[in-house]
Amino acid sequence: TAFYDALSPHYNRALNGENTEGEIVLNDGIHDSSFHFSVSPLTSSEWPEGAVIFHAADTSERQVLTSALESSESRFTNLCQLVGEGCCVLDDGIILSANSHAVNLLGFDNLNEILGEDIENLLASPIKGQSLVASLTSLASGQQLVCQASNGNADSKPLNISYGSVSLLGGSGALITLSRT
């Protein structure tokens, strides 16, 4: 009955001619199940008045992955806050996560200012004619690249950048660390 009680308002809206959708989580004490659903009125003359279409997709696996990702990101964030260097996680050169030290070294005040930004726009490649990411990926283990932050608010002192590969939900990404020279 909990399932019906949760859906009842959506059925009522559909019976009044509205299209509605939502997410529902069911907990039977053993397992959590989640569904994304939509309820729409059927207006065709082939169907009796008051008929609705109910469509649901099981999103339980997505919820588990989301929870695992949030847990992993939380552990990464906590670890990076303990490290004295700046840390950024990149996916194809785009910043997915960073600690506050990295934000400051890149010349910004807030993490949201750099999330989703291309690292190529924030650090100048020291090798003329070569992208920053290409320069980083060509580093041997233990080597660092000396770069300059591109943001005008950044300290003018160069930064040491280290690069390493990380696994991101089955794909590959990068972890870079930033420190003062």
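A short reminder: the numbers here are calculations on the coordinates, not readings from a lab. From a predicted model like this one, the values you see are computed outputs, not experimental measurements. Positions of Cβ are generated from backbone atoms using ideal geometry, with glycine treated the same way; all protein chains shown enter the neighbour counts.
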* Asked: Between TYR11 and SER33, 0.36 nm times their residue separation minus their Cα-Cα distance comes to what?
  -> 5.9 nm
* Asked: What order, most packed first, do the peptides 126-132, 98-104, 11-17 have when packing is the mean number of other Cβ atoms within 10 Å of each residue?
  -> 98-104, 11-17, 126-132
* Specify whether the C-alpha gyration tensor of the stretch 91-146 places it in the rounded, prolate or oblate class, a ≥ b ≥ c being the square roots of the eigenvalues: rounded for a/c under 1.5, otherwise prolate if a/b is larger than b/c and oblate if not. => prolate
